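Okay, so here's the structure we're looking at.
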Amino acid sequence: MKKILLRFNTSVLAYFILTMCLCISTLNAAAAEPIPHKALNANFSQLVHAFEHLDLNSIEKIYTEDAAYVSETQDKGIILGKQNILNLYTRFFDKIKRKQASLEVDFRVLVRHSDKNSATDIGYYLVRFHPGADSGEPVSEFAGKFVTVSAKDSSGKWLISVDSNTHATAKLYYDAKPVPNLYYGRQFITSTPTEPSTTP
């Protein structure tokens, strides 16, 4: 009887140790899962392309169907759903086209929090507005702070689910230092132009 109990206890102990090892292994694998910096950074590159080419298709490709857009504009509510966000950008891009103007845009990500299926990026953006050649107006710029939340869809693609921004002085953008692995964009040269109202 003692031998049977000893074998039983040994088996239980072995099972317990094996279970603990599997749990620890699973936790370590989850903890070691790499942050998808490349995919998340690519969305900022796509946003830059969309603004500078007034390309709605690029906007369409990087938002989830149920995305929310929170603008810094005080008289605009929260925009819900990708189609409504596309409508907003359509009006904005059409406004730039009518003025025969162009934009330069870039982002500097300072903080990134990520888990298996979601990621949050926080940083600064800068927009330069180049008026039409015949307008006689100078180049102007505005800047702001942003927070974006991205979600991984069923195919493994990272898409923006929440996009929000507020005003900030351009100096904060220029003073932001690059962070390893995070999108930093081009090296805009500091300038002191006027600030237009050309946000979407």
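Structural remarks
- Screening the candidates Leu56, Leu13, Leu18, Leu27 for the property of being modelled with pLDDT of 95 or more and open to solvent by 40 Å² or more (accessible area, probe 1.4 Å) yields one hit, Leu56.
- Sole residue being in contact with a helix residue (DSSP H, G or I) (Cβ under 7 Å, 6 or more places away or on another chain) and among the β-branched types (Val, Ile, Thr), chosen from Thr90, Thr120: Thr90
- Ala68 vs. criteria at pLDDT 95 or above, surrounded by 18 or more Cβ atoms within 10 Å (Cβ to Cβ), among the small types (Gly, Ala, Ser) and within 19 Å of the chain's Cα centre (by Cα): yes
- On the stretch given as the stretch 32-53, residues that are in contact with a strand residue (DSSP E or B) (Cβ under 7 Å, 6 or more places away or on another chain), open to solvent by 40 Å² or more (accessible area, probe 1.4 Å) and within 22 Å of Glu104 (Cβ to Cβ) total 1.
- Of the residues making up the stretch 87-95, one or more are open to solvent by 10 Å² or more (accessible area, probe 1.4 Å), touching a residue at least 24 places away in the same chain (Cβ under 8 Å), more than 17 Å from Trp158 (Cβ to Cβ) and of a type in the set (D, E, K, R).
- If you check Ser155, Ser161, Ser140 for being of a type in the set (Ser, Thr, Tyr) and touching a Lys or Arg at 6+ places or on another chain (Cβ under 9 Å), only one passes: Ser140.
- Residues that are without any contact (Cβ under 8 Å) to a residue 40 or more places away in the chain, of a type outside the set (Phe, Trp, Tyr), touching a strand residue (DSSP E or B) at 6+ places or on another chain (Cβ under 6 Å) and within 19 Å of Phe44 (Cα to Cα) do occur in the stretch 75-84, at least one of them.
- Among the residues of the stretch 135-185, those identified as in contact with a helix residue (DSSP H, G or I) (Cβ under 8 Å, 6 or more places away or on another chain) and among the basic types (Lys, Arg) are Lys145, Lys157.
The values are calculated or read from the model by the stated rules, or taken from the named source; none is laboratory data. Because the structure is predicted, anything quoted here is derived from the model rather than measured. Every residue, glycine as well, gets a Cβ built from its backbone with ideal geometry; the counts of neighbours run over all protein chains shown. These accessible areas exclude ligands, DNA and RNA; they are computed on the full protein's heavy atoms, side chains included. Shrake-Rupley method; radii C 1.70, N 1.55, O 1.52, S 1.80 Å.
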